[in-house]
């Protein structure tokens, strides 16, 4: 019973730490304003990960399947309920970690693409005489595949309403990207106010985006070795656990009450080290300023 209680507490603590440090959520925070901000962050997170159209039941089914498999594997390995529960709770976070990696990949691709898109937009509006809405739609046709659905939605809105403000709103909502926010607001202000400053402002925005992308690429390349070593936080303890089963009465030791408690503590420590390592290597996330 003590082992099961420790497993539940360890799992709950892991969930709270993960959602707080990785997803930026505060599950225990109350208040309408805090709930609205948390809801907006969750919405942006799902959009950036490409999960806006994925039903929650599918995500829940994947999590439940992984938890069941981990629980069975933990019981077969350690012969106890407490480690099985702890492993199941940890396995339940793996889809979120996978989607987080996917989100980071998509955001990196968008960050690399925006300077080129902005340069094409600048050429279309300054040299070829395209209107801002037309240039924005044409640029969207050559955007990366992950970004094209957002531009298609914006094009549909423009064809239906010919309201550039609503078109920009749709594009910003569908992309949920800080660079998209800055670019769209620049275009919207230029469209409504007019003037000849658009080319200069786009050039400044392009230069800023290039510098930011290059800086992040350099930081990620410097972290390559540390990120590779981080995988051993999971691999080495798992290998030691398997080796311990084959030495003397190792398997029987796992099944004792003290062994069960120590296994749960070890799992909690491994998860904590994994999250801590990911936290200290995380690059500062660019926040949306003109979010909707």
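The values are calculated or read from the model by the stated rules, or taken from the named source; none is laboratory data. Keep in mind that this is a model prediction, so the values were computed, not measured. In this analysis, Cβ positions are derived from the backbone assuming ideal geometry, glycine residues included, and neighbour counts consider all displayed protein chains.
Residue 55 - would you say it is at pLDDT 70 or above and out of contact with any helix residue (DSSP H, G or I) (no Cβ under 9 Å at 6 or more places or on another chain)?
On the way: at pLDDT 70 or above: yes; out of contact with any helix residue (DSSP H, G or I) (no Cβ under 9 Å at 6 or more places or on another chain): yes.
Judged against the criteria, residue 55 is a match.
Of 90, 78, which residue is more than 26 Å from residue 208 (Cβ to Cβ), out of contact with any strand residue (DSSP E or B) (no Cβ under 8 Å at 6 or more places or on another chain) and modelled with pLDDT under 80?
Among 90, 78, only 78 is more than 26 Å from residue 208 (Cβ to Cβ), out of contact with any strand residue (DSSP E or B) (no Cβ under 8 Å at 6 or more places or on another chain) and modelled with pLDDT under 80.
Could you run through region 146-162 and say how many residues are within 25 Å of residue 287 (Cα to Cα) and surrounded by fewer than 21 Cβ atoms within 10 Å (Cβ to Cβ)?
5
Can you tell me which residue among 277, 213, 204 is in the same structural domain as residue 171 (by TED's automatic domain parsing), under 23 Å from the mean Cα position of the chain (by Cα) and under 25 Å from residue 111 (Cα atoms)?
213
Do the conditions hold for residue 110, that is, is it crowded, with 16+ Cβ neighbours inside 10 Å, in the same structural domain as residue 174 (by TED's automatic domain parsing) and free of Cβ contacts under 8 Å to residues at least 40 places away in the same chain?
Here the answer is no, as residue 110 does not meet what is asked.
Identify the single condition in (1) part of a helix (DSSP H, G or I); (2) out of contact with any helix residue (DSSP H, G or I) (no Cβ under 8 Å at 6 or more places or on another chain); (3) over 22 Å from residue 80 (Cβ atoms) that residue 240 does not satisfy, given that it satisfies every other one.
(3)
Of 165, 174, 143, which residue is in the same structural domain as residue 112 (by TED's automatic domain parsing), modelled with pLDDT of 85 or more, within 18 Å of residue 198 (Cβ to Cβ) and surrounded by fewer than 21 Cβ atoms within 10 Å (Cβ to Cβ)?
165
Take region 73-96 and flag every residue that is in contact (Cβ under 8 Å) with a residue 40 or more places away in the chain and surrounded by fewer than 17 Cβ atoms within 10 Å (Cβ to Cβ).
Within region 73-96, 81 is the sole residue that qualifies.
Residues in region 232-240: is at least one modelled with pLDDT under 80, assigned by TED's automatic domain parsing to the domain that holds residue 50 and under 20 Å from the mean Cα position of the chain (by Cα)?
Within region 232-240, not a single residue is modelled with pLDDT under 80, assigned by TED's automatic domain parsing to the domain that holds residue 50 and under 20 Å from the mean Cα position of the chain (by Cα).
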